[in-house]
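Below: the structure, in structure tokens.
The values are calculated or read from the model by the stated rules, or taken from the named source; none is laboratory data. The shown structure was predicted, so the numbers you read here are calculated from the model rather than taken from an experiment. All Cβ positions, even for glycine, are placed from backbone atoms using ideal geometry, and neighbour counts span all protein chains on display.
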Ligand SMILES: [Zn+2]
């Protein structure tokens, strides 16, 4: 890719001179991970896999990152756990009410 093509690419990605280009993905927002675990970490296979960049979370900008998928994933799990806990408490309360009558 020539410098001119790279400038066009950055403009297409809405990355301007005032922005700091993400060093991990050079502004593409995508990285090639050495295994199938990608940004999620953990167990991975032996295949090169492209996925959202864990440096800028897809924005291509170091100064304006996208939503951190690791935090969103953790919040999703916490929300799911809380919903299960609420359901357990509701069931417990219902049993208590049922046994009183
Ligand atoms: Zn990046």
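Results, tabulated for the structure shown:
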| item | result |
| --- | --- |
| Residue that is free of Cβ contacts under 8 Å to residues at least 12 places away in the same chain and within 25 Å of residue 77 (Cβ to Cβ), where the choices are 55, 29, 41 | 41 |
| Filtered residues of segment 22-35 (kept if within 12 Å of the ligand (Cβ to nearest atom) and surrounded by fewer than 19 Cβ atoms within 10 Å (Cβ to Cβ)) | 23, 24, 26, 30, 32 |
| Residues that are touching a residue at least 12 places away in the same chain (Cβ under 8 Å) and either touching a strand residue (DSSP E or B) at 6+ places or on another chain (Cβ under 6 Å) or over 23 Å from residue 6 (Cβ atoms) (or both), drawn from segment 58-69 | 58, 69 |
| Residue within segment 91-101 that is at pLDDT below 95, in a loop (DSSP other than H, G, I, E, B) and either within 16 Å of the ligand (Cβ to nearest atom) or loosely packed, with under 10 Cβ neighbours inside 10 Å (or both) present | yes |
